[in-house]
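Worksheet for the structure shown next.
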Amino acid sequence: MIIGLAGSFGAGKGAVVDYLVAKKGFTHYSASKFITEEILRRGLPVNRDSMTLVANELRAAHGPAYIIETLYGEAQKAGGNAVIESLRAVAEVRKIKALGGRVIGVDARPELRYERSVKRGSLKDTVSYDKWLEQERAETNPDDPTKQDIFGALKEADLVIENNGSFADLDKEIEAALWN
């Protein structure tokens, strides 16, 4: 089984990945890692603005589902259960589905998502709440398939987990999603 994971900033995608890897034996394929490697190759700073810029450039140059299609191919070649994190464009969600995978979305209230982002201490999230919301809006481009549209991707998911509770609540939601 190959699962694509879509979701808003700080919604808990990483927690879903951790659960699938630790409890279900999934292999993790990271779009962020893929993009970060390209950022470093280009000598750019690793931050959310560079992530968005490079991801959009890769999609424009190679097709709107290029990143996820590449990771899906790696997962298929390796065999076994895999989770691909994170689908950020509608074309990526549609590609996973067309290839036979499932897409799970993860969302939560904005204030809670920002709080989680700050707590995890990611370099790409060391910004004010207003800047964070601005970056999230910048990743919502429904009119351009080569750009990120995180909320469009969420809408296209097979199901969406609302992650506003505890880890135990999230674990139950993941289990239900796997058997849905």
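We did not get these values from a lab; they are worked out from the coordinates using the rules stated. This is a predicted model, so every value here is computed, not measured. Here Cβ is always computed from backbone atoms with ideal geometry, including for glycine, and neighbour counts include all displayed protein chains.
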Label-point separation in nm, LEU159 to SER128, each point 7 Å along Cα→Cβ:
4.0
Number of Lys pairs in the chain with C-alpha atoms less than 17 angstrom apart, excluding same-chain neighbours closer than eight positions?
16
Under the Karplus relation with 6.51, -1.76 and 1.60 and θ = phi - 60°, whole-Hz ³J(HN,Hα) for region 151-161, x at Gly and Pro, equal 7, x, 4, 4, 4, 8, 4, 5, 7, 10, 8
Can you tell me the FRET efficiency between ASN81 and LYS33 if r is taken as the Cβ-Cβ distance and R0 is 22 Å, rounded to the nearest 0.05?
0.75
Spin-label proximity, ASP143 to region 46-65 - amide N less than 18 Å from point 7 Å beyond Cα toward beta carbon
none
What FRET efficiency comes out for GLU175 versus GLU115 if R0 is 22 angstrom and r is the Cβ-Cβ distance? Round to the nearest 0.05.
0.30
Full-extension gain in nm, LYS23 to THR70, via 0.36 nm per residue minus C-alpha separation
14.4 nm
Amide proton proximity set for ILE2, modelled H, under 5 Å, gap of 5+:
ALA82, ARG102
Listed residues ILE84, ILE39, ILE67, most fluctuating in the chain (Gaussian network, C-alpha, under 10 Å)
ILE39
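Once you charge only the Cβ atoms, +1 for Lys and Arg and -1 for Asp and Glu, what is the size of the charge dipole of region 2-173 about its Cα centre, to the nearest 20 debye?
The calculation lands at about 400 debye.
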For a quick check, take a GNM of the chain with Cα springs below 10 Å and name the residue from ARG102, ARG41, ARG113 with the largest mean-square fluctuation.
ARG41
Sorted by chain and then number, the residues having a modelled amide H within less than 5 Å of the amide H of PHE26, at least 5 places away or on another chain, are VAL21
Expected unfolding gain across VAL46-MET1 under the 0.36 nm per residue rule, minus the alpha-carbon gap, is 13.1 nm
